[in-house]
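One structure is given below, encoded as structure tokens.
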Amino acid sequence: KLNCDDSAKENLGWYEIGGLFRDDRGFWFGGFSTSVGVSTILIAELWSIRLDIPFAIQPGYTNLIVESNSLAIVELINSGVLTNHLLSALVSNCITLRYGKKSIYT
């Protein structure tokens, strides 16, 4: 299970992102935080998921639950976006990274 989040004072500001990883028994097995610089809420949340997925998909794990507090991001990843969408590269990358894994975005 991956919990990801971002933090900033306002919509267009300096963002910090991070992720927390737990196994199927709820035990913590990793996490990270970093800065993505000046961004928007949606872009920061997408970067959080994008950077978290490679750490969350470990050998032997076949299912991944990604929790986000952004319904807009969950809908973008679950539905996909057109190639001319502003966030298409990040969304497509999140979708591609989970390839071969059963992923649930909530």
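The values are calculated or read from the model by the stated rules, or taken from the named source; none is laboratory data. The structure presented is a predicted model; accordingly, all values stated were derived computationally and were not measured. Glycine also receives a Cβ, built like all others from the backbone with ideal geometry; neighbour counts cover every protein chain displayed.
The figures follow:
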{"read-out": "Within region 15-31, considering residues that are in contact with a strand residue (DSSP E or B) (Cβ under 6 Å, 6 or more places away or on another chain) and surrounded by fewer than 18 Cβ atoms within 10 Å (Cβ to Cβ), the one farthest from Asn93 (Cα to Cα)", "value": "Trp28"}
{"read-out": "Condition broken by Leu76, with the remaining ones in (1) at pLDDT 80 or above; (2) more than 12 Å from the chain's Cα centre (by Cα); (3) over 16 Å from Asn3 (Cα atoms) satisfied", "value": "(2)"}
{"read-out": "Residues that are buried (at least 20 other Cβ atoms within 10 Å of the Cβ) and not hydrophobic (A, V, I, L, M, F, W, C), drawn from region 32-46", "value": "Ser39, Glu45"}
{"read-out": "Matching residues, region 71-85, being touching a residue at least 12 places away in the same chain (Cβ under 8 Å) and under 16 Å from Thr96 (Cα atoms)", "value": "Ile73, Val74, Leu76, Ile77, Asn78, Gly80"}
{"read-out": "Evaluation of Ser68 against (1) within 15 Å of Cys4 (Cα to Cα); (2) in contact (Cβ under 8 Å) with a residue 40 or more places away in the chain; (3) out of contact with any strand residue (DSSP E or B) (no Cβ under 8 Å at 6 or more places or on another chain); (4) not aliphatic (A, V, I, L, M) (one fails), failing number", "value": "(3)"}
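Let's see how each residue does on (1) modelled with pLDDT of 85 or more; (2) in a strand (DSSP E or B); (3) out of contact with any His (no Cβ under 8 Å at 6 or more places or on another chain); (4) exposed (fewer than 14 other Cβ atoms within 10 Å of the Cβ):
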site: Ser48; (1), (2), (3), (4): no, no, yes, no
site: Pro54; (1), (2), (3), (4): no, no, yes, yes
site: Asn69; (1), (2), (3), (4): no, no, yes, yes
site: His85; (1), (2), (3), (4): no, no, yes, yes
site: Ala89; (1), (2), (3), (4): yes, no, yes, yes
